[in-house]
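Here is the structure we will look at, set down as structure tokens.
The values are calculated or read from the model by the stated rules, or taken from the named source; none is laboratory data. Since this is a predicted model, take the numbers as computed values, not measurements. Note that we place each Cβ from the backbone using ideal geometry, even for glycine, and neighbour counts take in every protein chain shown. When the accessible area is computed, the model is the full protein with side chains, heavy atoms only, and any ligands, DNA or RNA have been set aside. Shrake-Rupley method; radii C 1.70, N 1.55, O 1.52, S 1.80 Å.
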Amino acid sequence: MAAWQRWHQPHCASLFNPVQWPWYAVLEQARVETLAGDDLPGMASNLAEVELLSPAHAPLRNLYQTARAALSPTGAAIPYPQLLEVNSKPVTFLDRWFKRAVINTPAHTQTQIIDTLRRAQVELHDGQRFAQTVRPLVQALAAHHAGAASGDASLPGNPRPNADGVPQQEEPNSEMEQLSPEGEASATTPPGLTAERAYPGYKVWTHQWDEEGPAAKWLSPQDGDALQQLQALDHTKAKQLAHRLQRRLLAARLRHWNFDQEEGRLDSRRLAQLLANEGNPRVFRVEAEAPIPEACVTLLVDQSGSMRGTRQQMTAQAIDLAVHTLQACQIRCEVLGYTSRYGAYNPLANQWRQAGSPPQPGRLNALRHIIYKTPAQLWQRNRNQLGLLLREGFGRENIDGEALHWAACRLMRQTQPRKILVVLSDGSPYDQATTQANGRTYLENHLHEVIAEIERSPIHLVAMGAGQDVGRYYRHALTLNQPAAVAEVLFAQLADLLTQPM
């Protein structure tokens, strides 16, 4: 686990779906353990016990042991029996080990494993390139063993990642759910808001170029400079609002008692009353129901190009303080961002034109959905990723309907009874290629449908329009005419939504 924490790059998990993840995880385990053995002699001695480190599930165990042999510079750390030559022809060490370990894999995949691991050995120090090198192999193995594994992402003995990409081999903390590779809670999404939900009249030309992943996937060192500039802003007013919200939430969480009850816990202050009033039995107290139920808040931020500048800085500042405050009050929070990938050069639009420009092609831009913080993660460990929100030129267009649906599906998987989704946007959904091919109202109509679906769910939905009126889309909407008003309105809305009766 220490080697995984040191050398694993969590964003690489986005390259693999849940069925493929176990196969990649054992290859990644072999990679980070090989690196640890190269740098740390004491750890190399511990990691030489390959049999003890192997997953219990036979196919994964065989793949792991094969990878440890292939990725090791000499293979000396891997004990193996002396095997006979195959068909009286000499074979390499790796070939012998492979014949022993992965005997049930088809011949073409055997060759693929050997060739892939030899190429991956060169990329040991680059986790991203290693993951890309082994990806075709992982896909082939996952497909071949799908029947035996029943498509289960949690194959026995396979390390599952937590929010930071660290494999969990023990029971998770009671306050944290078990996480998938993407950091989502594993609760079930109720009917009505599912990832596969179809909206009549809305189509997507292709999902080929869509992106979703943690902000670390796109983060660069330059984003840290933008975050430092955020520190230089005057936080006085925003901090006052954050402290006010915190006091309001903590005060509401204090224990409340109903006195003069005929049963409950004995109220020692009423004992004298019991003697004086001829045995009045109303000397008990009962704890009232907590006015604040358990809650989860999702902050969904529009990162289109029109949100740049002061508006962008004020939004980032408000989110930073809001998440700190909610975390201090033990209220779970998720921070998500959305934009599109392409501007003037758009491969989806080019592909559509090459296909003869058929009418009503649907969405003609690729989505980019960004996860800054999952509900289970601590903000202190993810705050540096907020620099991506401040990067100039990162955002393109805003396709709000699909982003809103994505955020709502994630929120519905949380177990807290109160679910709050706050959208910070600058107005109407827009994408030039999609609008030109499908009509001006295409994305707007889809947004109306998604909002109607969410409002029929248990989610409390509120939108804050940065400089634009979003009231024609959202039933509960506020317009921010001044960028500095973001924090004030956000904290006021959170306080009202978190303390109002269910």
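Some notes on this structure:
- In region 28-43, the qualifying residues are those that are over 14 Å from Ala69 (Cα atoms) and small (Gly, Ala, Ser), and the one that is surrounded by the fewest Cβ atoms within 10 Å (Cβ to Cβ) is Gly42.
- Any hit, region 338-360, residues being in contact (Cβ under 8 Å) with a residue 12 or more places away in the chain, under 16 Å from the mean Cα position of the chain (by Cα) and under 23 Å from Arg248 (Cβ atoms): no
- Just so you know, in region 477-502 the residues that are open to solvent by 50 Å² or more (accessible area, probe 1.4 Å) and in a loop (DSSP other than H, G, I, E, B) include one that is nearest to His243 (Cα to Cα), and it is Ala484.
Here's the yes/no breakdown for (1) within 27 Å of Gln222 (Cα to Cα); (2) of a type in the set (Ser, Thr, Tyr); (3) in a loop (DSSP other than H, G, I, E, B):
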{"residue": "Ala344", "(1), (2), (3)": "yes, no, yes"}
{"residue": "Leu348", "(1), (2), (3)": "no, no, no"}
{"residue": "Gln351", "(1), (2), (3)": "no, no, no"}
{"residue": "Gln360", "(1), (2), (3)": "no, no, yes"}
{"residue": "Asn365", "(1), (2), (3)": "yes, no, yes"}
{"residue": "His369", "(1), (2), (3)": "yes, no, no"}
{"residue": "Pro375", "(1), (2), (3)": "yes, no, yes"}
{"residue": "Asn384", "(1), (2), (3)": "yes, no, no"}
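- Hits in region 459-487 (condition: touching a helix residue (DSSP H, G or I) at 6+ places or on another chain (Cβ under 8 Å) and modelled with pLDDT of 80 or more): Ile459, His460, Leu461, Val462, Met464, Tyr473, Tyr474, Arg475, Leu478
- Residue count for region 192-214, restricted to those that are open to solvent by 40 Å² or more (accessible area, probe 1.4 Å), part of a loop (DSSP other than H, G, I, E, B) and either out of contact with any Cys (no Cβ under 7 Å at 6 or more places or on another chain) or at pLDDT 65 or above (or both): 11
- Annotation note: of Pro81, Pro59, the sole residue that is assigned to a loop (DSSP other than H, G, I, E, B) and either hydrophobic (A, V, I, L, M, F, W, C) or modelled with pLDDT under 85 (or both) is Pro81.
- The residue of region 388-402 that is surrounded by the most Cβ atoms within 10 Å (Cβ to Cβ), among those that are of a type in the set (Asp, Glu) and over 20 Å from the mean Cα position of the chain (by Cα), is Glu397.
- Residue match in region 294-310 (condition: within 27 Å of Val423 (Cα to Cα), among the charged types (D, E, K, R) and modelled with pLDDT of 80 or more): yes
- Hey, Gln228 under 30 Å from Leu461 (Cβ atoms), under 42 Å from the mean Cα position of the chain (by Cα) and at pLDDT 75 or above or not: no
- Single unsatisfied condition, Gln240 versus (1) at pLDDT 75 or above; (2) of a type outside the set (Val, Ile, Thr); (3) in a helix (DSSP H, G or I); (4) more than 30 Å from Leu490 (Cα to Cα): (4)
- For Ala316, the test of being under 30 Å from Glu392 (Cβ atoms) and either under 36 Å from the mean Cα position of the chain (by Cα) or modelled with pLDDT of 75 or more (or both) is passed.
- Residues satisfying the stated conditions in region 329-342, i.e. surrounded by 14 or more Cβ atoms within 10 Å (Cβ to Cβ) and either acidic (Asp, Glu) or not in a strand (DSSP E or B) (or both): Cys329, Ile331, Glu334, Arg341, Tyr342
- The single residue among Ala25, Ala13 that is touching a strand residue (DSSP E or B) at 6+ places or on another chain (Cβ under 9 Å), modelled with pLDDT under 85 and either buried (at least 20 other Cβ atoms within 10 Å of the Cβ) or closer than 21 Å to Ile113 by Cα (or both) turns out to be Ala13.
- Qualifying residue in region 431-453 (condition: under 28 Å from His324 (Cβ atoms) and either surrounded by fewer than 22 Cβ atoms within 10 Å (Cβ to Cβ) or modelled with pLDDT of 90 or more (or both)): no
- Some residue of region 409-428 being touching a residue at least 24 places away in the same chain (Cβ under 8 Å), under 20 Å from Pro200 (Cα atoms) and buried (at least 24 other Cβ atoms within 10 Å of the Cβ): no
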